Amino acid sequence: MSVGQKDVDEQHKELIRIANGLINAVSIGRGKRTIQNVVQKLREYTVFHFSNEEGMMEQMRFPERGQHAAEHLRLKLLVKNYQRKLYKNENVNAEEVLDFMKDWLLGHILTFDRGFATYIVAFNEAEKAKEFDAPEVVDDVDGSSSDLSEDE
Ligand SMILES: [Fe+2]
Ligand SMILES: [Fe+2]
C-alpha cells in the first residue's frame, strides 16, 4: 500500500481510516445523519489530499501530473455524486459502500498513485545525485525556466 513518501502514505492511511469508518457506520446501521457526516469528512479530506498530492507533482515536475489531476477531478465528482445519492436514499447498503470504496479509493492508490510513487523514488535519487555532483548549483533548484540562460 505504501507509495514510499511519508506524507502521502499518512494521508492515504487517514483516507482509508475514514472510509472504514463509513463502511462500519453503514454496516452497523448508524443513522442517516452520522453517515452523511462521515461522507462529508471523506469528501473534505479527499479534497485536501488531492490538492496536496497535486502540489507535490507540480513541485517535482511529474510529467503525468495533468492526467493524474484529471483523474482526481473525476474522483471528486464521483464522491460528490455519491454523497448526493446518500442524501436521497434512506437505505444504504454496506456492500455497495464497500464496493464503491474499493473502486474509487483503492483503485486510484494502487494505479495512479503508484505511478507517481515510482517517479518520486527516481526524482529523489536524481536530487541526491545532483547534491553530490554539484553542490554549488543547489540554490538554483527552484529557479524558473526563464533562469536557464543564466545557468549557461
Ligand atoms: Fe492521486
Ligand atoms: Fe493519493
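What follows draws every value from the coordinates through simple rules; no lab data is involved. In this text the structure is predicted, and so the values were computed from the model without any measurement. No Cβ is skipped: glycine too gets one built from the backbone with ideal geometry, and neighbour counts run over all protein chains shown.
Details
- Value of Rg to Rh for segment 6-136, rounded to two decimals, is 1.09; Kirkwood radius and Rg both from alpha-carbon coordinates.
- Equivalent-ellipsoid semi-axes of segment 12-59, from the Cα gyration tensor, Å, largest first: 27, 10, 4
- ASP103 paired with ASP9, simple spin-label distance in nm, labels 7 Å along Cα-to-beta-carbon: 3.0 nm
- Sequence-distant lysines (8 or more away, or on other chains) whose Cα lies within less than 30 Å of LYS6: LYS41, LYS76, LYS80, LYS102, LYS128, LYS130
- For MET57, neighbours were defined as the other residues whose beta-carbon sits under 14 Å from its Cβ, and their charges (Lys and Arg +1, Asp and Glu -1) total -4.
- The length gained by stretching the chain between ARG114 and GLU58 to full extension, at 0.36 nm per residue less their Cα-Cα distance, is 18.5 nm.
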